[in-house]
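For reference, the structure discussed in these notes is given below.
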Amino acid sequence: MGKKALAFVGIVDDDESVRDAISSLLRSAGYKTAGFASAEAFLQARSCAEPDCLVLDVRMPGLSGLELQRELHDLKSPIPVIFITAHNDDQVRATALQQGAAAFLGKPFNDDALLGAIDSAIEDDGTPAK
């Protein structure tokens with residue numbers, strides 16, 4: 001069983017259809033997934049199971065994706081973050097990448113681009129899959 005089959009990816013997006021579509025894609029590629037409707041919901045559930053990678057929307061009600069990324073950084077979390085957004089803003093992209101994002105993809109994105117970003121993030125984080 002390869003690393004991918006053991007990897008757990010969290011998906012944080014306030015759009016249920018986006019969470020479901022990404023989850024379906026990732027499960028078909030061999031990942032385990034869990035979806036969260038908000039950054040706050042992810043933070044509350046994080047103590048149960050920490051993902052190997054996080055797919056994170058930039059704009060959400062409550063905590064934004066960038067705010068969640070900062071929170072995880074402050075908590076010294078090793079979770080690699082891949083941002084997805086329908087609002088592809090150069091300043092936001094620069095901030096996310098400067099804060100350590102593994103990738104920043106504009107919606108709609110290519111399935112292969114997302115899978116490649118996740119594969120790279122999980123391979124590059126230096127920790128074995130759970």
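The values are calculated or read from the model by the stated rules, or taken from the named source; none is laboratory data. Being a predicted model, the structure only gives us computed values, none of them experimental. Ideal geometry is used to build each Cβ from the backbone, glycine not excepted, and the neighbour counts take in all protein chains shown.
Looking at the range 77-109, which of the residues that are of a type in the set (Gly, Ala, Ser) and closer than 14 Å to residue 59 by Cα is modelled with the lowest pLDDT?
For the range 77-109, the residue satisfying everything is 86.
What is the number of the single condition among (1) surrounded by fewer than 17 Cβ atoms within 10 Å (Cβ to Cβ); (2) in contact with a helix residue (DSSP H, G or I) (Cβ under 6 Å, 6 or more places away or on another chain) that residue 36 does not meet?
In the conditions (1) surrounded by fewer than 17 Cβ atoms within 10 Å (Cβ to Cβ); (2) in contact with a helix residue (DSSP H, G or I) (Cβ under 6 Å, 6 or more places away or on another chain), residue 36 misses (1) alone.
Pick from 41, 45: which is farther than 23 Å from residue 86 by Cα and of a type outside the set (Lys, Arg)?
None of the others qualify; the one that does is 45.
Which residues, counting only those in the range 44-79, are surrounded by 13 or more Cβ atoms within 10 Å (Cβ to Cβ), of a type in the set (A, V, I, L, M, F, W, C) and closer than 24 Å to residue 6 by Cβ?
The answer is 45, 53, 54, 55, 56, 72, 79.
In the range 48-55, is there at least one residue being of a type outside the set (Gly, Ala, Ser) and over 23 Å from residue 99 (Cβ atoms)?
There is at least one residue in the range 48-55 that is of a type outside the set (Gly, Ala, Ser) and over 23 Å from residue 99 (Cβ atoms).
Checking residue 84 against (1) in a helix (DSSP H, G or I); (2) under 16 Å from residue 10 (Cβ atoms), which test does it fail?
The single condition residue 84 does not satisfy is (1).
Among what's in the range 9-33 and is of a type in the set (Gly, Ala, Ser) and more than 18 Å from residue 81 (Cβ to Cβ), pick the residue that is surrounded by the fewest Cβ atoms within 10 Å (Cβ to Cβ).
So the residue we want is 17.
Does the range 60-95 hold any residues that are of a type in the set (Gly, Ala, Ser) and farther than 23 Å from residue 16 by Cβ, and which are they?
Correct list: 77, 94.
When the range 110-122 is examined, which residues are found to be at pLDDT 95 or above and either exposed (fewer than 14 other Cβ atoms within 10 Å of the Cβ) or over 20 Å from residue 8 (Cβ atoms) (or both)?
Matches in the range 110-122: 112, 113, 116.
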